[in-house]
Structure formats: C-alpha cells, structure tokens
Amino acid sequence: MTRPKQFDPDVAVEQAMEVFWRKGYASTTPQDLVDALGIGKGSLYNAFGSKRRLFEQALRRYRDRQASVMLQALEESGPAKVRLRNALEALVRTDLADPDRRGCMAVNAAAEVVRTDEVATDLVRRAFGRIESAFRAVIEEGQRSGEISPGRDSAGLAAMLQNTAVGLRLAVRVAEGPERPARIIDAVMESL
C-alpha cells in the first residue's frame, strides 16, 4: 500500500514558480525548493522527477498566468491603438508593482536557460509567439479600421511590439519610476 501524498502538487508548482522567478533556475537549489515547498527531497523527486522538470512546470504556470494580463487588454473593445497601448502599459504597471522587480519569468528564462533546455526554449518561444499573434490580430483590426496604414507589414509590427514588451520587462527591472517605460511606449505607439 502506498502512502498518500502529503502535499498538493498544484500548490507545490505555484510555490516553486515563486522560487524560480525570484532566484532563477541556476541559483535555485533543490534545498531551496524543499524549504519552500515544505516537503522532503524524496517527495520532490518522486512527484516531479527533477529540478528541471519542476522548473518547466513552473514556467508553464507562469506563461499561462502572465499572458492573460496582456491578452485581456488586447481583447477589450475599442480602438486598436488604445488596446495596444493599454497592453504595454498593463505590463509596465504589473512589473512596477512588484517590490522585488523580478521582471518576467519567461524573459529571465530566455536569458538563462534557452540554450541548455529545449523544453524551456519551446515554452518561452510559444509564450512570446502567443503574445505576438495577439498583437498582430489587433494591428490587422487597426489596418481594417484605418487606424494603422494597411501598407505596413502587420507581422513586422507585431514582432516589434513583442520585442518592445520584452525590452520593457527588462527596463522596468532597473527603472527608477514609470517615466522611462512611458517614453518607450509613447515612441513605439507613434511609430505605428
């Protein structure tokens, strides 16, 4: 007869996400995870297999949660340019409100483990692609409504906005306040 699990794996992934987000993959030790999750190393490995697999589950959790902030702003009704601006501003507000200025876990992961972890690379690529596709859909709506020139390359503009979002996530980590990110958003919106 096997013993029942002494912890909720869903809660454990949430707690692990917080540790990885704060410390990064490489700096997070198995002991950090054991301490945060309140379980033994054996339970950690039995439930998740490895630190890497737990990181990948935490990254999936983060991707699903964070994408919703920007997607919600992009899916609202209203003029396309307003929605694009609102999405970028929502991301800046979210990051500025974080007292630890952890930035974006997906961006952090891209900088840290992309070359060494195929699964994490794919997760980050998909997260970025999902937002870029949403940007493109709004840009194309704006082109149909006449807000954005139909002669502009919607894929290129969407890639520029996705790149801006990544850059903003990094800029906010060191920003003293909202002024610089606001200037970046203003410049990007003027370029549309």
When residues of segment 57-90 are filtered for being crowded, with 16+ Cβ neighbours inside 10 Å, polar (S, T, N, Q) and more than 26 Å from THR121 (Cα to Cα), how many remain? 1
Can you find a residue that is at pLDDT below 95, aliphatic (A, V, I, L, M), surrounded by 15 or more Cβ atoms within 10 Å (Cβ to Cβ) and assigned to a helix (DSSP H, G or I) anywhere in segment 172-188? yes
Under 8 Å between Cβ atoms, which residue pairs at least 6 apart in sequence (or on different chains) link something in segment 6-34 that is part of a helix (DSSP H, G or I) with a partner that is of a type in the set (Ser, Thr, Tyr)? MET17/TYR62; VAL19/THR28; PHE20/THR28; TRP21/TYR62
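A quick yes/no check of all residues on (1) farther than 28 Å from ALA137 by Cβ; (2) among the acidic types (Asp, Glu); (3) in contact with a Phe, Trp or Tyr (Cβ under 9 Å, 6 or more places away or on another chain):
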| position | (1), (2), (3) |
| --- | --- |
| THR28 | yes, no, yes |
| ASP35 | yes, yes, no |
| ALA47 | yes, no, yes |
| GLN57 | yes, no, yes |
| ARG65 | no, no, no |
| ALA73 | no, no, no |
| ARG93 | no, no, no |
| GLU112 | yes, yes, yes |
Spot the failing condition for THR116; the list is (1) β-branched (Val, Ile, Thr); (2) part of a loop (DSSP other than H, G, I, E, B); (3) touching a helix residue (DSSP H, G or I) at 6+ places or on another chain (Cβ under 8 Å), and only one is missed. (3)
Check segment 90-112 and report whether any residue there is over 13 Å from the mean Cα position of the chain (by Cα) and at pLDDT 95 or above. no
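The values are calculated or read from the model by the stated rules, or taken from the named source; none is laboratory data. Everything numeric in this text was worked out from a predicted model, so none of it was measured. Using ideal geometry, Cβ is built from the backbone for each residue, glycine included, and neighbour counts are taken over all protein chains shown.
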